[in-house]
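Below you'll find the structure, written out as structure tokens, and then a few comments.
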Amino acid sequence: MRGAFTELDCSKDKPRLTLKTADGKIAFLLDQPDKVILSGLKGATVDMNCGPQKAEAVTVEYEPSTASGVKGNVRAIRFEPELQTR
């Protein structure tokens with residue numbers, strides 16, 4: 001799913017990543033954060049601190065989840081700098 005990564009909520013037992021999409025805000029669970037594959041950084045690094053994020057264009061790959069209030073479990077995040085909007 002493609003959208004703007006806008007928030008990382010760490011207030012629950014497992015972090016939740018929020019994407020802003022054309023269909024609204026969609027939450028994903030980071031059930032295995034140490035196994036999430038990050039790509040598209042072209043040698044750069046990313047700090048995933050809890051709280052609001054600088055809205056970065058990303059594509060999230062996920063598996064369906066049975067957890068309440070989330071679309072799925074994040075498996076990969078691809079940063080898409082060429083898709084950044086102003």
The chain, Gaussian network, Cα under 10 Å: of ALA57, ALA27, ALA67, the residue fluctuating most is ALA67
Expressed as a percent, the accessible surface of the chain that is carbon or sulfur, using a 1.4 Å probe and the full set of protein chains, is 48 percent
Result for the chain: accessible area per residue, probe 1.4 angstrom, in square angstrom, of 65 Å²
Measuring from its Cα centre, the chain shows a charge dipole (+1 at each Lys and Arg Cβ, -1 at each Asp and Glu Cβ) which, in debye to the nearest 20, is 140 debye
Expected unfolding gain across ASP13-SER65 under the 0.36 nm per residue rule, minus the alpha-carbon gap, is 17.2 nm
Across the alpha-carbon set of the chain, Rg over Rh with Rh taken as the Kirkwood radius works out to 0.93
Residue separation between CYS50 and ILE37 times 0.36 nm, minus their alpha-carbon distance, gives in nm 2.9 nm
For region 20-25, in residue order, the Karplus 3J(HN,Hα) values (coefficients 6.51, -1.76, 1.60; θ = phi - 60°; whole Hz; Gly and Pro = x) are 9, 10, 4, 8, x, 7
So MET1 and ASP23, fully extended at 0.36 nm per residue minus their Cα-Cα distance, gain in nm 6.8 nm
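The values are calculated or read from the model by the stated rules, or taken from the named source; none is laboratory data. From a predicted model like this one, the values you see are computed outputs, not experimental measurements. All Cβ positions, glycine included, derive from the backbone under ideal geometry; neighbour counts span all protein chains shown. With ligands, DNA and RNA removed, areas are computed over all heavy atoms of the protein, side chains included. Shrake-Rupley method; radii C 1.70, N 1.55, O 1.52, S 1.80 Å.
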